[in-house]
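The values are calculated or read from the model by the stated rules, or taken from the named source; none is laboratory data. Keep in mind it's a predicted model, so treat the numbers as computed, not measured. No Cβ is skipped: glycine too gets one built from the backbone with ideal geometry, and neighbour counts run over all protein chains shown. When the accessible area is computed, the model is the full protein with side chains, heavy atoms only, and any ligands, DNA or RNA have been set aside. Shrake-Rupley method; radii C 1.70, N 1.55, O 1.52, S 1.80 Å.
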Amino acid sequence: MTKREFNLPGIQDLSKGQEEARSLAKEGQHLIIGGPGTGKSVVALLRARRHQRDKDDYVFLVYNKLLNQASGQLFGAGLCSQQWQSWFKGIFNAATGENVPMLPAEPPGTWQEFDWSKVSEVIAASSSHNKLKHPFLIIDEGQDMPPEFYQALVKLGFENFYVVADQNQQIISGLNSTRLGIQNALGIAPGDVIELHENYRNPLPIARLAREFYTGDPASPLPSLPDKPSRIRSQLIAYEDFQKLIENILKLADSNPAKLIGIITPNNKARERYVNELRSVTVQLDNGRPAIQTYASGANARLSFNEGGIMVINAQACKGLEFDIVFLADIDQHYYNAQ
């Protein structure tokens, strides 16, 4: 496999706003707000690097397993990171001696949500959490954790928070936090919130496309359009011959061995269809078949984000990830919530 350029920028490459966010005092409660491409996750990871350098006890919390893997590989060796729900289950048990109360699954056999009302009751009745260690917390995609999560952490004695968020990028579940909700839970004054406005990651065509999905919520500023030319052009590909489409994707990967191509599928049926065809179709390639990686919800697959190849994942799992080239597969099947 060919190594991919997948590194954090240096401190010298940060904007004034990013550097202000990165260099905030280690103690206290901090909230950084910004739209897509403004570098929120970058400053959060650089914040983690600062704690690592100073040998602090810290934990970097992310929304899902794939983002946890990608963050660790982007950071380099030694990132202390966990998926937030798994981490909270461990912390709650260590603090109270009990498992996290869960709501009944609806329908049965599906994902169970935390019963935050009972979580609060158990914490209030417990005195052992006073002996709990309280590392510095760095929280990425903080809008996707519920406000009760922050409230529970405060009740457990956590004091040092560094949260990056954008409520315009909430995953629709009804269990998200708003900017105001995070501020209130952590006691952050409105004037102490740092806003990032400049779009550093996305070229102009991608930034324009992202703007079409902006919810208009002024709580998170709309990123500026980058003032730089780009050769990137989005394309709509209509196909009748699925095998031919797959051959073309494989040839694209073959001609760009150091690029990671993401294929974002609408559901597991489509994901499996793409993976099976990518792995089985007969096609002449100069560099051999590229690595074909995939992830199914709940799996413990170890994926590589620092090498070229093709990664096929469902839309629900792509939160916060970055690819060099992206195919939004079978767009007529993707779920759209108009509310």
Two-site FRET efficiency, residue 243 against residue 326, from Cβ-Cβ distance with R₀ of 22 Å, rounded to 0.05: 0.55
Hull-based mean projected area of the range 153-300, where the convex hull spans the alpha carbons, in square nanometres: 13.5 nm²
Alpha-carbon centroid distance for the pair the range 126-195 / the range 46-72, whole angstrom: 16 Å
Residue 333 versus residue 25: modelled label distance in nm, points set 7 Å from Cα along the beta carbon direction: 5.3 nm
Debye equation applied to the C-alpha atoms of the range 224-332, log10 I(q)/I(0) at 0.21 Å⁻¹: -1.25
Count of lysine pairs in the range 1-130 with Cα separation under 18 Å (8 or more residues apart, or interchain): 5
Three-way shape label, the range 69-196, alpha-carbon gyration tensor, a/c 1.5: rounded
Cα-Cα pairs of the chain separated by more than 28 Å (percent): 46 percent
Per residue accessible area of the chain, 1.4 Å probe, in Å²: 52 Å²
Rounded percent of accessible protein surface that carbon and sulfur make up, the chain, 1.4 Å probe: 49 percent
Surrounding net charge for residue 169, when Lys and Arg each add one and Asp and Glu each subtract one, Cβ distance under 9 Å: -2
Most mobile listed residue (278, 209, 14) in the chain, GNM with C-alpha springs under 10 Å: 209
Centroid-to-centroid separation of the range 297-318 and the range 7-38 [C-alpha atoms, Å]: 27 Å
Helix 40-53 vs. the chain, principal-axis angle (Cα, 0 to 90°, nearest 10): 60 degrees
